[in-house]
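Here's the structure we're looking at; comments come further down.
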Amino acid sequence: MLSVAAVAALLLATLVKADEDIYIDGALSGGWQNWGWNTEINWAATDLFVGQSSISAVSSAWAAVSLKSPTTFATSGIGGLKFDIAANPNSLQIYFQKTSDDSSSAAIPLSALSTSINPNSFTTVVIDFSALPPSGSPLGAGAWDRINWQALGDGATYHLDNVKILSEVVVTPQILGAEPIGNNILAVTTKGAVSFSNLVVTLNNATIPITADQVYVPSDTPSRTIHYLKLGSTLVPGTLKVVAGSFNASYTLPAVQYASIVTGVSTPISPLIYGVNWPPSASYIQQLGVTISRWGGNAVTAYNPFGDFTNAANDWYFENRKSDGGNANSWIGWIKAAGSQAMMTIPALDWVSKDDHSYSYPKTIYPNQQKFDPYNADAGNGLFPNGSYIQPPPDPNRAYVPWNTTAARTWLAGLTNKPDFLFIDNEIEIAHSTHQDIHPQPMSYDEELSRVIKFAKIAKDALPNVKVAAPSTCSWWFYWTSAVGWSDTAAHWNIDFLPWFLAQMKTASNTAGKRLLDYLDIHYYFQPDLSANDAAAKALRLRMTRSLWDPSYVDESWVGQNPQHHQPNPTQVWLIPRMKQLIDINYPGTKLSISEWASTADGDITGGLVTADSLGIFGRYGVDVATYWANPDIKGPVGLAYWLYRGSGTYFGSKTAQVNFATSNAANTYGIYAATEGNVLSLVIINKDTKPLALDLSNVPHGNYFLRHFGGTSGVAKWQTTITISTRQYIVIPPYVAAFLKQA
C-alpha cells in the first residue's frame with residue numbers, strides 16, 4: 001500500500017506537464033504539422049545541425065514555417081518555447097496563433113531574443129510565455145496551437161532545430177538595465193525579486209547615495225518592474241557607473257545641448273493627427289488615445305456594402321471574402337462610440353465583390369500562373385511565371401458586380417451612423433496593378449479626376465456634413481504623374497498631378513456651387529533602403545524624418561538622386577510645407593491629410609522613435625489629419641509612441657510652443673516638441689542617439705513633472721512616474737528613449 005507522501009508525489013507528477021518535443025532530428029513529433037506557406041523546407045538538413053539534422057527553410061516575403069499542435073499549448077499562460085536557430089536576426093519575426101478564432105500574439109522580432117543570433121551557427125533561445133520579448137507582456141491563457149517563424153519583407157533563409165514546449169521557465173532575478181533620466185533619477189529595470197543592497201552608483205568616481213526608491217509595474221507587462229532611484233546629487237557631465245553584483249553599466253554624460261522653449265509663439269495642434277487604420281477594439285482606441293480611425297487599404301476598393309463582401313486584389317490572389325471590418329455602418333458606430341472620429345472609404349471603380357468566395361484567376365482557366373493560394377490551390381495571383389499580367393484580362397463578372405454612383409448614393413443615404421470623413425477610394429492611380437482584374441488599363445489624370453468628382457458630388461448630396469478627402473495617392477512618384485506616364489503629364493501642360501488635381505477640384509467645386517474637396521489626402525512612405533536594419537540603417541531611419549519638414553534635407557533615397565517632377569528643389573521632399581504651398585497656390589482652404597504612413601520598422605525601437613518624432617512634426621508643422629498604416633501593436637514601440645502623446649487620458653497640449661535649437665543639425669540625433677494646454681507645459685524629447693543626451697532648456701519651469709518614457713535599457717514598456725525638475729540646465733534623456741514630461 002502506498003504511503004500518503006507517495007500518493008501525493010504521484011498526484012503532483014501527473015499534474016506537472018512534461019516538456020513537449022516538437023522537432024528533433026528529421027521529423028515533427030507528437031502529431032505536430034507544418035501549416036506554413038510559400039516556404040521551401042528540408043526537414044532533414046545536414047548542412048547545419050545539432051544532433052543529426054535540422055529544419056532548413058527558405059521563405060519568400062512574409063512567408064513562414066508554421067507549426068500546428070494537435071491540441072493546445074500554454075493554455076495556462078505559463079511555460080515557454082525553446083529552440084535552436086541560425087538566421088539573420090533582422091529577417092524574421094515569431095508569433096503565436098489560435099486556430100479557433102485566428103487571433104495572434106504580438107510579433108516578436110528575432111533580434112529581440114538574443115544578440116548572438118547569426119546565420120552561420122545555432123543559438124539556443126527561450127521565449128517565456130509570461131514575458132514575451134521585447135515588451136515583457138504575457139502571452140496570456142488561451143487555446144494557442146500554432147507557432148509561426150515568419151520572414152519579413154525581404155524573405156529569409158534560416159535553420160531551426162530542437163524545438164520544444166517547456167512546461168516551466170525559471171525566472172532568475174536580474175537587473176535588466178539602469179539608465180539616468182531627468183536631473184537626478186536612475187531608472188533601474190528588473191525582473192524577479194532583485195535586491196539593491198549591493199548596488200553602488202558613482203559619478204566621476206564619487207559614490208552617490210540613493211535617497212528614495214519609487215517602484216512602478218505596468219499593468220500590461222507585469223513581468224518587469226522599474227525602480228526610479230532618486231540620487232543624492234544632481235547629474236553633471238562625466239562618467240556615471242552603476243554596479244550591482246555581476247551587473248555593470250557605464251555612461252558618459254555629455255556636455256549640454258542648448259534649446260529654448262517659447263510658449264508665446266504657438267499654433268494649434270490638430271487633435272486628428274493621432275489616428276490609425278483599422279483599430280481592433282474600443283479599448284485599443286482608448287488606451288492609445290486614437291482620435292480618428294480609417295477604413296482603408298486595397299481591399300476597400302472592392303467593398304460591397306450590400307453584403308459586406310470585399311476583395312484584397314493582388315494583396316491576396318484576387319479572392320473575395322467577407323470584409324475584415326464587418327459591416328461599414330456598424331464599424332462607424334462602434335468607432336465613434338469609443339471616442340474616435342470615423343473615416344470611411346467609398347469605392348470609385350466600376351465593380352465591387354459579388355460574394356465571399358469567388359476569385360478572378362482560377363487555375364482551371366489560367367493554369368500557367370506564377371503562384372497559387374496555399375490555402376486554395378485553384379486561386380492564382382494573375383501573373384504569368386515571368387511576372388507579366390495574365391492576358392487577356394479576366395471577365396469581371398466572375399467575381400464582381402457593377403458599381404456606380406447610384407449604388408453609392410443608396411448606400412450612403414442609408415447609413416444610420418454617419419462618417420466624419422469620406423475618402424474617394426484608395427490609391428486608384430495604381431488600380432491597373434493592384435486591381436488589374438477590374439481595371440487593367442493605367443489610370444490617367446483625366447479618368448482619376450472624373451471619378452473623384454462624380455463620387456464627391458454624391459457624397460456631398462447624401463451626407464452634406466461629411467468631409468471629402470482625395471486622391472489618397474500612394475507615393476511620392478504618383479504625386480507628380482500618372483500610371484500612364486510622363487506623356488500624360490506633358491499632355492497637361494507639364495503640370496504635375498497634385499497641383500493640377502487641386503486646381504481642377506477648385507474649378508469643379510465652383511461649378512457645383514459647393515466645395516467638393518475638403519482635404520488633400522496623400523500616403524507617404526519613407527523611401528530610403530533600410531532593409532539591413534544595421535547601425536547605419538537605424539541612424540538613417542532616425543534622421544529621415546527630416547524629409548517631412550526640412551528644406552535643406554536631400555532625401556537619402558532615389559528621390560534625392562533622380563527627380564522627375566517639375567517642382568522647385570526636386571531632390572528635397574520637404575513634404576508638409578510643400579503640400580501646404582501647393583494647396584495655397586491651387587485650392588486655398590483645403591486641408592492636408594496623410595492617411596497612410598509608417599515607421600518602416602514597427603517591431604524595432606527605432607520605429608517607435610520615428611513615430612514619436614513624426615507625431616511631433618505633424619503637430620508642429622500643421623498637418624490636419626494623419627492615420628498610421630495600419631494598427632500598431634498596442635504594446636510595441638509604435639503603439640507606445642501614441643501612448644506617449646495621448647494614451648489613457650493623458651494628453652500632449654493643443655497648442656505648439658516654439659522650440660529654438662542652438663545646434664543646426666540637432667534633428668539628426670534628437671527632437672524636442674513642446675505644447676501647452678492652458679498654462680500647463682508638455683514636452684516630448686526623443687533621443688535618437690546611442691549615447692545619453694543632456695539638455696539645457698531655457699524657460700522650462702522648475703517643479704514636478706509627470707514622466708512617461710519607453711526605449712533604452714528600460715525596454716519597450718509603458719514606464720511612468722512623477723519626477724522633480726530642480727534645474728533646467730542639465731536634463732538627461734537616455735539613449736534611444738522617447739520621453740514625455742508634463743507639468744504636474
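The length gained by stretching the chain between Asp461 and Ala662 to full extension, at 0.36 nm per residue less their Cα-Cα distance, is 67.1 nm. Database remark: amide H of Met443 closer than 5 angstrom to the amide H of Ala431, His432, Ala483, Val484 (H placed geometrically; neighbours at sequence offset of 5 or more, or on other chains; Pro and chain starts carry no H).
Write out the chymotrypsin sites (Phe, Trp or Tyr not before Pro) in the range 340-389 meeting two conditions: DSSP loop, and at most 16 other Cβ atoms within 10 Å of their Cβ. Listed in order of number, the matching sites are Tyr375. Since only Val163, Ile24, Ser56 are under comparison, the one whose Cα sits farthest along the positive direction of the charge dipole of the chain, derived from C-beta charges on Lys, Arg, Asp and Glu, is Val163. Between the beta carbons of Thr124 and Thr650, assuming R0 = 41 Å, the FRET efficiency works out to 0.50 to the nearest 0.05. Remark: the chain carries a charge dipole of roughly 2120 debye about the Cα centre, counting +1 on each Lys and Arg Cβ and -1 on each Asp and Glu Cβ. For the chain, the membrane-span-like helix rule (DSSP H, alpha carbon extent of at least 18 Å along the helix axis, mean Kyte-Doolittle at least -0.5) picks out 445-462, 497-512, 605-621; this says nothing about an actual membrane. For the chain, what is the calculated [θ] at 222 nm in deg cm²/dmol (nearest 500), taking -39500 (n - 2.57) for each run of four or more DSSP H residues and dividing by its residue count? Computed ellipticity for the chain at 222 nm equals -5500 deg cm²/dmol. Paramagnetic label reach from Ala413 (point 7 Å along Cα→Cβ; backbone nitrogen cut-off under 13 Å): within the range 455-470, residues 458-464. Residues of the range 348-369 with backbone nitrogen within less than 11 Å of a virtual label 7 Å along the Cα-to-Cβ line of Arg398, please, listed as ranges. The answer is 359-368, whose backbone nitrogens lie closer than 11 Å to the label point.
Taking other residues whose beta carbon is less than 11 angstrom from the beta carbon of Glu429, and scoring Lys, Arg as +1 and Asp, Glu as -1, yields -4.
Extension gain, Gln174 to Asn704, is 187.8 nm, computed as 0.36 nm per intervening residue step minus the present C-alpha separation. Modelled label positions at Trp558 and Thr234, each set 7 Å beyond Cα in the direction of Cβ, lie 5.2 nm from each other. A Förster distance of 25 Å, applied to the separation of the beta-carbon atoms of Ser167 and Lys98, puts the FRET efficiency at 0.80.
The label point for Lys691 and the one for Asn679, both projected 7 Å from the Cα toward the Cβ, are 4.1 nm apart. Excluding same-chain neighbours fewer than eight residues apart, the aspartates and glutamates reachable from Lys82 by a Cα-Cα span under 17 Å are Asp19, Glu20, Asp21, Asp25, Asp128, Asp145, Asp161, Glu168.
Calculated on the alpha-carbon coordinates, the convex hull of the range 9-120 measures out at 145 cubic angstrom per residue. If R0 is 30 Å, the Cβ-Cβ spacing of Ala143 and Gln52 corresponds to a FRET efficiency of close to 0.35.
Distance between the 7 Å Cα→Cβ label points at Gln391 and Ala44: 4.7 nm. Charge tally for Thr722 (other residues, Cβ to Cβ under 12 Å; Lys, Arg +1; Asp, Glu -1): +3.
Near Val573: Cβ cut-off under 12 Å, other residues only, Lys/Arg at +1 and Asp/Glu at -1. The net charge is -1.
Quick check: from the Cα gyration tensor, does the chain come out rounded (a/c under 1.5), prolate or oblate? Judged from the Cα gyration tensor, the chain comes out oblate (a/c at least 1.5, b/c at or above a/b). Translational diffusion coefficient of the range 605-686 at 37 °C, 0.692 mPa s, Stokes-Einstein with Kirkwood Rh over Cα pairs, in µm²/s as a whole number. In µm²/s, the coefficient is 245. Our estimate of slack between Val265 and Ala206, defined as 0.36 nm per intervening residue step minus the Cα-Cα distance, is 17.0 nm. Separation of the range 307-369 from the range 26-71 is 33 Å, based on Cα centroids.
Read-outs throughout are calculated quantities, based only on the coordinates presented, and are distinct from any laboratory measurement. The structure presented is a predicted model; accordingly, all values stated were derived computationally and were not measured. Note that we place each Cβ from the backbone using ideal geometry, even for glycine, and neighbour counts take in every protein chain shown.
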